[in-house]
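Let me begin by presenting the structure, written as structure tokens, before commenting on it.
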């Protein structure tokens, strides 16, 4: 009985070692996404006259402004997304034209 358990453990260790060696020498397909991740700035606030609080999301890398509002209706709440606003004109204003 002991010999059977010993041989089973030896075979299991050999299979695990083979798996480890094959995985270590193979190509690693997990790669990071190209480029730099975006920088986000989250600002909490309230809209005057509105029934809910708002979290503004500013994506400084892509020059976008969005927001999320949580509204409470009875016992259920809803998370609503605001449409994105392109701020590229504010972050990258056009260069002034030279006069002739």
**Request:** Round to the nearest 10 and give me the degree value, 0 to 90, for the angle of helix 2-25's Cα axis relative to the longest principal axis of the chain.
**Result:** 40
**Message:** Test of understanding: what is the full-extension gain from residue 98 to residue 73, defined as 0.36 nm times their sequence separation minus their Cα-Cα distance?
**Reply:** 3.4 nm
**Request:** Match the structure shown to one of the listed values (1) 5.7; (2) 7.0; (3) 17.6 of mean projected area of the Cα convex hull in nm², computed from it, and give that label.
**Result:** (3)
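No value in this document is a laboratory result; all are computed from the given coordinates. Keep in mind that this is a model prediction, so the values were computed, not measured.
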